[in-house]
Amino acid sequence: MLSGNVIAEDDVEGIHILNKSNNQNTVTNQRGAFEILAGASDTLEVSGIMYDPIKIIVSAKHINDKYIAVRLDKKINLLDEVIVGKILTGSLDSDISNTETETLDLQKLGVPGYYGKQLTQAERRLADATGGKNFSVGGGMGGAGVGFNLNPFLNRISGRTKKLKNHVVLDNQRTYIEKLKSQYSDQLFENHNLTEGQKNEFFYYCSDNEEFKTLIKQQNDALVLNFLLNKLESFNHIITNKQ
């Protein structure tokens, strides 16, 4: 049984993992984690609606570590701006003096679109849940009704808004944890003989700690690193007792 994690910029829940060698398949959970039966040289196909599908050959190291990490890239790259130049004539002398460029401001031209910070999928879901259509009540025969937005009210009393807010928090935590893993793994584990799976488990072990959640909100890397170093000792003690 091979454990793994899908790493991507956006939502990693529901990513499909197919072992084409033995026809085993599974999907990722909210954290992008999954488990699948696999052997050395098996081919794993990883795919999701928003991402380019990839194929990975399971290596002997993956089997030995019982862990595999998969990074996915988005299918669509957003176009932030367009650079427009003057028309070229084919004449070298004319075109050299005619190649000044300027940045085209789509908003000033009235082109519809979103011009603010790009939201993650979890943030978009929360925005949809707290917005919605206006419904009118009362009025009768030609009278003016009273308009109000029903969706935020229904989502709030059903608990959906709270759940989506938690998803946004988890998504931000996951992104920051991936940043910590990429920046500090070598420094943290240089004197500790842990498998890749155990290293990955360590970060999730820390993420359940309330103090760690507070530090993540502050995003103070120095304090977070000091916290991780202290927690690594207790984590090693747990691993030793398990063994």
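Bear in mind these aren't lab numbers, they're just calculated from the coordinates by the rules spelled out. All values derive from a computational prediction rather than experimental measurement.
Between residue 75 and residue 41, what length in nm is gained on full extension when 0.36 nm per residue of separation is reduced by their alpha carbon distance?
On the way: separation 34, 0.36 × 34 = 12.24 nm, distance 2.70 nm.
My answer for the length gained is 9.5 nm.
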For region 198-209, Karplus couplings with θ = phi - 60° (6.51, -1.76, 1.60), whole Hz, Gly/Pro x: 5, 4, 5, 4, 4, 5, 6, 4, 6, 5, 7, 7
Other-chain or far-sequence residues with amide H under 5 Å of residue 67's (modelled H): 3
Per residue Cα convex hull volume in Å³ - calculated over region 1-46: 62 Å³
Whole-angstrom gap from region 206-243 to region 1-72, using each part's C-alpha centre: 26 Å
